[in-house]
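What follows is calculated from the coordinates using simple rules that are stated; it is not laboratory data. Not measured: the values here are computed from a predicted model. We place every Cβ from the backbone using ideal geometry, glycine too, and count neighbours over all the protein chains shown.
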Amino acid sequence: MTTKQPFGDYVAARFGGLLSGGLHPPGEDACALEAVSQWRGLVWTDDPRHVGLPDIRSLNDGLWTSDAKRTQAMIPLVEALSGYREWTRARKTAFRKRIGLETVRQILADLPSLPLAIRDQCRAARTLAEANAAARAAGCNADAYTADCAADAAVIAADATGATYAGRRVRLMAGTAVLVAACRLWVKAAEETE
């Protein structure tokens, strides 16, 4: 991959420093993947396969309190994954497994709406089988914790966290906190998975 400037600098210059949620026609607003397509000189798209990234649309399109918060979390994520296209199959598989496991251990385990025993089961998961069992106990679709759907799982967790609080603003703030945690988890997994 060859680009002229860091992704964050590109977003600042081309999109006024903000990423948006959803799908956009080519123009002023862009989600993370659309911005990556332009940063890489590709046709405008939010197709993760085309831009060479895992599917981060659920994270980008989650219920953020603001585009500024979304951008602050998504830029480091995109930068950490910028070489994803060149990763070996083994590294991609290890990354997806780690995301799946850590989503259960670090995000699902912190949902205040879950009984303490299930939260403890989530935290204690050491394998994907244990993570899937914990996710099932929590009433979640276990398949979401094994591969590319971990972003969806984080968004579900964000929605569930927000649903335990009254008031739209408080729900958005709770959901944003979970989405920020998910983005950080992905960045850490990208940096540590080889």
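A simple packing score, the average count of other Cβ atoms within 10 Å per residue, orders the peptides 120-128, 99-107, 42-50, 58-66 as 99-107, 58-66, 120-128, 42-50, with the highest score first.
Taken along its three principal axes, the alpha carbon spread of segment 1-86 comes to 33, 24, 24 Å, from the longest extent down to the shortest.
Around the amide H of THR65, modelled in the peptide plane, lie the amide H atoms of THR176, all under 5 Å away and 5 or more residues distant in sequence or on another chain.
Relative protection proxy for 84-92, 15-23, from highest mean packing down: 15-23, 84-92 (other beta-carbon atoms within 10 angstrom). Model label sites at ARG91 and ARG14, defined 7 Å from Cα along the beta-carbon direction, differ in position by 2.3 nm. A simple count of charges around ALA125, restricted to other residues whose Cβ falls under 14 Å of its Cβ and scoring Lys, Arg +1 and Asp, Glu -1, yields +3.
A simple spin-label model places the labels of ASP47 and GLU192 3.5 nm from each other, with each point 7 Å out along Cα-to-Cβ. Taking a straight Cα-Cα cut-off under 15 Å and skipping sequence neighbours fewer than 8 places away in the same chain, the aspartates and glutamates within cross-link reach of LYS4 are GLU79.
Which residues among segment 64-93 fall inside the zone where the amide N is under 19 Å from a point 7 Å beyond the Cα of ASP110, along Cα→Cβ? Only 64-66, 69-78 fall inside the zone, counting backbone N under 19 Å.
A straight Cα-to-Cα reach below 18 Å connects LYS97 with the lysines LYS188, residues fewer than 8 places away in its own chain not being considered.
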